[in-house]
Amino acid sequence: MTGAIKHALAAASAAALLAPGAGFAADITFPVFRIGDQGVGEKIGAVRAFDTKNGLRLAPRLAGLPPGEHGFHVHEKADCGPAGANNQRGPGLAAGGHYDPEGAKQHAGPKGRGHKGDLPSLTVAADGAARTSVIADRLKVEDLRGRALMIHAGGDNYADQPQPLGGGGARIACATIPR
Ligand SMILES: [Cu+2]
Ligand SMILES: [Zn+2]
């Protein structure tokens, strides 16, 4: 075997180890942007997502958010724009609804049997920074591909009452995750 062929084989096996589904733990980091009626605004940081034995871990490094708890979900489309279905317009509406591959049609929070995209709420400190990781035990990095991660203005009571979708209201920051 020539050196060049040996080299090519070594490169091919290294690529196989990194291929999705090869058992290599996925670990991705993507930027998060402020969103508004005009569309996508400034970058406010990034979120790292990786699989652990307890589920998907999302590690935020974000700044400039309102302090407190915020609804935090995987939405179905990788689009943070303002154009929603039925000609509706508003921040982040292009991302569609909560990721719901099982058709649960119910907002039940991270421990419930509703939307799979229902994450534990995001905690923002008094200085506007979010640095506290959350674990979503029903999700993997694979579930994020081709979708959006959304942060809402208000908190999340993990129910559809008294307001739908946890009551978090307006969408204030968003990330898209490529396929
Ligand atoms: Cu949401
Ligand atoms: Zn939901």
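Mind checking whether some residue in the range 128-141 is over 24 Å from Arg34 (Cβ atoms), in contact with a Gly (Cβ under 6 Å, 6 or more places away or on another chain), away from ligand 2 (no atom under 14 Å from the Cβ) and charged (D, E, K, R)?
yes
For the condition within 12 Å of ligand 2 (Cβ to nearest atom), free of Cβ contacts under 8 Å to residues at least 24 places away in the same chain and part of a loop (DSSP other than H, G, I, E, B), what is the one hit in Ala104, Ala108? Outline the logic, then answer.
Details: Ala108 fails: free of Cβ contacts under 8 Å to residues at least 24 places away in the same chain.
Answer to the check: Ala104.
Residues of the range 111-137 being closer than 26 Å to Gly84 by Cβ and part of a loop (DSSP other than H, G, I, E, B), which ones?
Hits for the range 111-137 are Gly112, Gly114, His115, Lys116, Gly117, Leu119, Pro120, Ser121.
Name the one entry in Leu139, Leu122 that is over 20 Å from Gly92 (Cα atoms) and within 13 Å of the chain's Cα centre (by Cα).
Values: Leu122 fails: over 20 Å from Gly92 (Cα atoms).
After ruling out the rest, the residue left standing is Leu139.
Determine, yes or no, whether Glu102 is farther than 18 Å from Gly36 by Cβ, more than 15 Å from ligand 1 (Cβ to nearest atom) and touching a Lys or Arg at 6+ places or on another chain (Cβ under 9 Å).
Working: farther than 18 Å from Gly36 by Cβ: yes; more than 15 Å from ligand 1 (Cβ to nearest atom): yes; touching a Lys or Arg at 6+ places or on another chain (Cβ under 9 Å): yes.
Against the criterion (farther than 18 Å from Gly36 by Cβ, more than 15 Å from ligand 1 (Cβ to nearest atom) and touching a Lys or Arg at 6+ places or on another chain (Cβ under 9 Å)), Glu102 qualifies.
Tell me which of these Ala175 doesn't satisfy, since it passes every other one: (1) assigned to a strand (DSSP E or B); (2) in contact (Cβ under 8 Å) with a residue 60 or more places away in the chain; (3) touching a Ser or Thr at 6+ places or on another chain (Cβ under 8 Å); (4) away from ligand 2 (no atom under 16 Å from the Cβ).
(3)
Values in this text are rule-based calculations from the coordinates and carry no lab data. What you are looking at is a predicted structure, and each value in this text was computed from that prediction instead of being measured. With ideal geometry, Cβ positions are generated from the backbone for all residues, glycine too; neighbour counts draw on all protein chains shown.
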